[in-house]
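A.B. asks: First, the structure itself, so that you have it in front of you.
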Protein chains: 4
Amino acid sequence: MKKGQRKNLLDHGHIIYVDHMGTDTDIVDAARVSYRGVGSSTDKALIRYLMRNKHTSPFEMCELKVIIKCPIFVARQWIRHRTASLNEVSGRYSQLPDDFFLPSVISHQATDNKQGRSIPLNEGAQNDVKRLMREHQKDSYDLYEDMLSGGVAKETARNVLTLDVYTEFVWKIDLHNLMHFLKLRCDPHAQYEIRVFAAELKNLAWQLWPDAMEAFEFYHVDGITLSRAEKIIVATALRHCEGSGQTLTDMRDLLGEQISEREWKEFVTKLDLSDIIET
Amino acid sequence: MKKGQRKNLLDHGHIIYVDHMGTDTDIVDAARVSYRGVGSSTDKALIRYLMRNKHTSPFEMCELKVIIKCPIFVARQWIRHRTASLNEVSGRYSQLPDDFFLPSVISHQATDNKQGRSIPLNEGAQNDVKRLMREHQKDSYDLYEDMLSGGVAKETARNVLTLDVYTEFVWKIDLHNLMHFLKLRCDPHAQYEIRVFAAELKNLAWQLWPDAMEAFEFYHVDGITLSRAEKIIVATALRHCEGSGQTLTDMRDLLGEQISEREWKEFVTKLDLSDIIET
Amino acid sequence: MKKGQRKNLLDHGHIIYVDHMGTDTDIVDAARVSYRGVGSSTDKALIRYLMRNKHTSPFEMCELKVIIKCPIFVARQWIRHRTASLNEVSGRYSQLPDDFFLPSVISHQATDNKQGRSIPLNEGAQNDVKRLMREHQKDSYDLYEDMLSGGVAKETARNVLTLDVYTEFVWKIDLHNLMHFLKLRCDPHAQYEIRVFAAELKNLAWQLWPDAMEAFEFYHVDGITLSRAEKIIVATALRHCEGSGQTLTDMRDLLGEQISEREWKEFVTKLDLSDIIET
Amino acid sequence: MKKGQRKNLLDHGHIIYVDHMGTDTDIVDAARVSYRGVGSSTDKALIRYLMRNKHTSPFEMCELKVIIKCPIFVARQWIRHRTASLNEVSGRYSQLPDDFFLPSVISHQATDNKQGRSIPLNEGAQNDVKRLMREHQKDSYDLYEDMLSGGVAKETARNVLTLDVYTEFVWKIDLHNLMHFLKLRCDPHAQYEIRVFAAELKNLAWQLWPDAMEAFEFYHVDGITLSRAEKIIVATALRHCEGSGQTLTDMRDLLGEQISEREWKEFVTKLDLSDIIET
């Protein structure tokens, strides 16, 4: 994606990549101000170290600026991320365009996951729902236009529009906070429509900061957290393996360079296995 | 207003006063940590000094927590204030109630103020608009309920609701940031519906922090700012008065205790009048 | 600890518990606004759910206000936590008292941990170092007083004081951000002197929000995170156990109520074990 | 100043301009997303409008990144600005260099301004103070080095250094928050040493965002605020002038293009003069 380029998303939405500041090198440079002259890590290893240990401030040194066009119900989730800058089109000043989001698939309420959706309705039912939604959107926009042409204040008229009408905003966020956004909004529990935008932002972030994003996914997206109790189960299992032929060192060897000497030590330490595993 | 008390606002909205932390005394105590042992100001004079000089951090030491029920278009303006904590009802988890805001007065678009409204429509036109809005709200909620009973996921169904549907949230903010909110949202340029809520929050703030609020209104709400050019006009006029019988000292005397000795000196200094006014 | 009570720490420091807002119940109440009418969890279970899933906003609804007296080198680490309110004594306004921190133990530089300390120096060496430090502190304060009595501006004179001179500040922070502070500053990698303060704040937080703190320690302090690679090792080990007599269900049973039915499902899911473990 | 260029300040300090994001045009572009299609202002006029009316969010769309080397007592004032990103050299990891700030002029404590300084000491007294300060700095660094060579942990040894030792940090801030920093730290009440840095940052900001900085100085730095009482005095004086030959329109004419038609209306309105001045 090039500066100024637009990527269309959903039926009427888009992301425009406006600008960014900083590269992987700038993250490393900021960190090296703190740890001056200490360590001879490569840039990539240092970024992995920072990410693993949640030294987040160097990642704040990079910025991304994009224009987002998305339905208002998506924007309302988006704006909950407070550590970002935002300028949104105002329906008090300007007439909003006739762009509404119509889902391509209508799905059932999930029963296990109270906030999500499960399998699609049957095709006939989907078509019925879509038709009714589309008609309602048209009625909304017709009433909006009628009120405007009748001289009603824009700030009043716009409130008859539905939550699936599109809005647009400039959004600027630093890389640390962008990663937090991506962690939450690329997650399968996030609503599908915001995930579409988050996925595209993730692509853009990979393009701009490949080392930082690789470390982010390795440690935080694909990693897991274990509670005190879960840690006990895991540690017990690992001890059992060590005593029954399936040694941890063998398991580690299968991972090759995915786990460094230093991280292996950290792993053994955090699972309290240093009495049985030599590092 | 007592803790737990609810004040109804608009047609279906309210503010519930949940909790607060700190009083005027706590503001003063925090400030006195900084200026230890310096000055013999009364509490009230110290609060005025802090407010006048924009020493804002002591005002951050107080907190207010309320529950707000307001239309979504109001909530969208509200949430732009980022330095606050918020938990809002989620339409992904729960069915939203059938509460929509219907304006009691429908007004024309303002022509001078591009974001506001001017005089009301004639009564017949108002009634027509209200009837159409109310019907559209009913259609919205009917479609929403039909979709829910047809098994459609809540997170999809809710998006056919209009921006004037009510939402509810817990909101917690410190006094400094609350004052910033009040400055913007009690202003005549703010949309009428959010001003209704802001006015009630202002009453509550006056009850909890009377000295701080008095100083806030005296210096910031009822005060004005002058640009470099406006300052020149004003200074010129004041000089002219001084030389033509209407002396500034006379004018000051009319204000009595509203302007202290110290503030009078600051006034003369900031208008570069110390060559003609002795302080 | 009661409101207004002071706990002395290090040689001249203290924490004074000034005020707080909210209890465990307020966290739950805020969360229930979002998930209205959904779930029949007990308060404790809901707090554990919020903590486990990093739904952090309800924890922002509680506040703690304390007065801290600590050495400036500790205050400099403290103030890096930006999401808090602070009023510190100003050496430009007031003469700072003659209070310097002298360590009770002088330790060697750690070699493995580049930022920490290892074993103590021998007793003679320790005494030498302490004597020299104390003399230097006295010289600092003497020069400071001489400059002040010579009429030198306070803002200049104070800069001859050393980083181990004590300062004092009011500090207010919400519970979510306090937990982040405690996670970092109770960690063995944090400098000993700030850990002394963090430990005491942790005690206070346990007193005020016992359920929230228990969940915090269970999931975040005593919990661990595993990278993508570490997750593979652990999952492999768990599969091996399951196939070699040491079943996971047995391991789980040892933990009793420490791991709920729901968390057990989450554990099996996050380690991709649902093909071999029935939940 | 070019990217990567260093400007030396005080005796051992500097600012290095590392990077920035955005120009005056980006501010305007962000604002125009909000006020789409409304108004035909020039870019410069729009920036003045935003600044005058404190529409601050478009100014957040620009960023500045610099490296600062300054004494710790300056850094402690600097870091009070929380809405910025920062990576500082850590004395726990690295030996700090032997750089201390020695004032070129030693001044008396101000008596009217409790936080400031007044006239210089006589030359002999200044030289005495400087000599003593310099000796104390040398003693500090000698003790620091002795402790380090005796094997004492860096995190302990560094605390014998004085508050005038230099530190260094990367600092990134958006333009809105930078202006707030400049307003406070270029002010004559700020300590001289931080003003030296703020003045240089102001030059850099003028180079990068000339229209925004001009508007900032016109409305906020050179502008003034009047309290409710001061406003009454000024309004009274202006009325008196209008009735005594010195008309406001004449005064305005002297300012030429410094005050637009629109601002003139705002001026008349905010001073409640619309009954006597036609606009």
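A short reminder: the numbers here are calculations on the coordinates, not readings from a lab. Since the model is a prediction, treat every value here as computed from it, not as a measurement. Using ideal geometry, Cβ is built from the backbone for each residue, glycine included, and neighbour counts are taken over all protein chains shown.
A.B. asks: Segment B:107-160: percent of C-alpha pairs farther apart than 15 Å?
C.D. replies: 63
A.B. asks: Further question: Using a 7 Å offset from Cα along Cα-Cβ at B:R80, what residues in segment D:4-39 end up with backbone N under 15 Å from the label point?
C.D. replies: D:30-36
A.B. asks: Among B:L102, B:L143, B:L254, whose mean-square fluctuation peaks in a Gaussian network model of chain B (Cα, cutoff 10 Å)?
C.D. replies: With Cα springs under 10 Å in chain B, the top fluctuation among B:L102, B:L143, B:L254 is at B:L254.
A.B. asks: While we're looking at this one, here's another question. Compute the acute angle (0 to 90°) between the alpha-carbon long axis of helix C:43-52 and the principal axis of greatest extent of the alpha-carbon atoms of chain C; round to the nearest 10°.
C.D. replies: 80
A.B. asks: Please state the equivalent ellipsoid semi-axes for segment A:96-192: what are the square roots of 5 times the Cα gyration tensor eigenvalues, largest first, in whole Å?
C.D. replies: In descending order the semi-axes read 30, 24, 9 Å.
A.B. asks: Here's a follow-up. Taking each pair of different alpha-carbon atoms in segment D:203-247 once, compute 1/r for the pair, average those values, and report the inverse of that mean as the Kirkwood hydrodynamic radius in Å to one decimal.
C.D. replies: About 13.0 Å, per the Kirkwood formula over Cα pairs.
A.B. asks: Hey, got the Cα dimensions of segment B:228-270 along the principal axes, in Å, largest first?
C.D. replies: Largest first, segment B:228-270 extends 29, 25, 12 Å along its Cα principal axes.
A.B. asks: Compute from the Cα atoms of segment C:1-106 the Rg and the Dmax, the latter being the longest Cα-Cα distance, and quote both in angstrom.
C.D. replies: For segment C:1-106, the Cα radius of gyration and maximum Cα-Cα distance read 19.2, 58 Å.
A.B. asks: Per-residue HN-Hα couplings for segment D:221-226, Karplus 6.51 cos²θ - 1.76 cosθ + 1.60 at θ = phi - 60°, whole Hz, x for Gly and Pro?
C.D. replies: 7, 8, x, 9, 10, 10
A.B. asks: Across peptide D:214-227, how many C-beta atoms of other chains are within 10 Å of each residue C-beta, on average? All intermediate terms of the calculation are to be shown ahead of the outcome.
C.D. replies: Details: counts 0, 1, 0, 1, 3, 6, 3, 1, 6, 8, 14, 9, 11, 16.
So the per-residue partner count for this stretch is 6.
A.B. asks: Let me ask something else. What is the average number of partner chain Cβ atoms found within 10 Å of a Cβ in A:78-90?
C.D. replies: Shielding by partners across A:78-90 averages 6.
A.B. asks: Over chain A, calculate the relative contact order: mean separation of alpha carbon pairs under 8 Å at least 6 apart, over the residue count, as a percent.
C.D. replies: Reported as a whole number, the value is 23 percent.
A.B. asks: Could you go through segment A:264-277 in sequence order and give the Karplus-derived ³J(HN,Hα) for each residue, using 6.51 cos²θ - 1.76 cosθ + 1.60 with θ = phi - 60°, rounded to whole Hz, and x for Gly and Pro?
C.D. replies: Residue by residue, segment A:264-277 yields 4, 4, 4, 5, 4, 5, 6, 9, 6, 10, 5, 6, 10, 10 Hz.
A.B. asks: Let me ask you something else. Could you work out how far the C-alpha centroid of segment B:159-195 sits from that of segment D:65-131, in angstrom?
C.D. replies: So the two Cα centres are separated by 43 Å.
A.B. asks: Which three extents, in angstrom, do the Cα atoms of chain D have along their principal axes, listed largest first?
C.D. replies: 80, 47, 29
A.B. asks: Largest first, please: the extent of the C-alpha atoms of the protein assembly as shown along each principal axis, to the nearest Å.
C.D. replies: 104, 88, 56
A.B. asks: Over the Cα atoms of segment D:164-237, each weighted equally, I'd like the Debye log10 I(q)/I(0) at q = 0.13, 0.24 Å⁻¹, rounded to two decimals.
C.D. replies: Taking Cα atoms of segment D:164-237 as identical point scatterers yields -0.51, -1.14.
A.B. asks: Can you give the relative contact order of segment B:107-160 as a percent, counting alpha carbon pairs under 8 Å and 6+ residues apart?
C.D. replies: Value for segment B:107-160: 20 percent.
A.B. asks: Something else about it: Can you pull the one-decimal nm distance between simple spin-label points at B:Q5 and A:D11, each 7 Å off the Cα toward Cβ?
C.D. replies: With each label placed 7 Å out from Cα toward Cβ, I get 4.9 nm.
A.B. asks: Would you kindly derive the ³J(HN,Hα) couplings of segment C:8-13 from the backbone phi angles with the Karplus curve 6.51 cos²θ - 1.76 cosθ + 1.60 (θ = phi - 60°), listing them in order in whole Hz, with x for Gly and Pro?
C.D. replies: 6, 9, 6, 7, 9, x
A.B. asks: Further question on the same structure: Average partner chain C-beta neighbours within 10 Å, per residue of D:143-153?
C.D. replies: Average per residue, whole number: 5.
A.B. asks: List the longest stretch of chain C that has no exposed loop site; here a site is one of the trypsin sites (Lys or Arg not before Pro) assigned by DSSP to anything other than H, G, I, E or B, with at most 10 other Cβ within 10 Å.
C.D. replies: That would be C:4-279.
A.B. asks: Which order results if B:V165, C:V89 are arranged by neighbouring Cβ count within 10 Å, fewest first?
C.D. replies: Numbers: B:V165 25, C:V89 21.
Ordered by Cβ neighbours within 10 Å, fewest first: C:V89, B:V165.
A.B. asks: Also, I was wondering about something else. Residues with amide H under 5 Å of D:L9's amide H, sequence separation 5 or more or different chain, H placed in the peptide plane at 1.01 Å from N; which?
C.D. replies: Sorted by chain and number, the residues that satisfy this are D:H14, D:I15.
A.B. asks: Would you work out the charge dipole size for segment A:107-160 about its Cα centre, treating the Cβ of every Lys and Arg as +1 and the Cβ of every Asp and Glu as -1, and quote it to the nearest 20 debye?
C.D. replies: 200
A.B. asks: Hand me the tally of lysine pairs in segment B:1-145: alpha carbons under 22 angstrom apart, and the pair either on different chains or 8 or more positions apart.
C.D. replies: Here the count comes out as 10.
A.B. asks: Taking just the C-alpha trace of segment C:126-279, give me its Rg and Dmax in Å.
C.D. replies: 26.1, 82
A.B. asks: So if I average 1/r over every pair of distinct C-alpha atoms in segment C:78-137 and take the inverse, what Kirkwood radius in Å does that give?
C.D. replies: 14.9
A.B. asks: Using the alpha-carbon atoms, what tilt in degrees (0 to 90, nearest 10) does helix D:228-242 show relative to the longest principal axis of chain D?
C.D. replies: Value to nearest ten degrees: 40.
A.B. asks: May I ask you to derive the FRET efficiency for B:D142 and A:V221 from their Cβ-Cβ distance with R0 = 51 Å, giving the value to the nearest 0.05?
C.D. replies: 0.75
A.B. asks: Enter the angle in degrees (range 0 to 90, nearest 10) between the Cα long axis of helix A:24-34 and the first principal axis of the Cα atoms of chain A, meaning the one along which they spread out most.
C.D. replies: Approximately 60 degrees, to the nearest 10.
A.B. asks: Add +1 for every Lys or Arg and -1 for every Asp or Glu among the other residues with Cβ under 11 Å from the Cβ of B:R80, and state the total.
C.D. replies: +3
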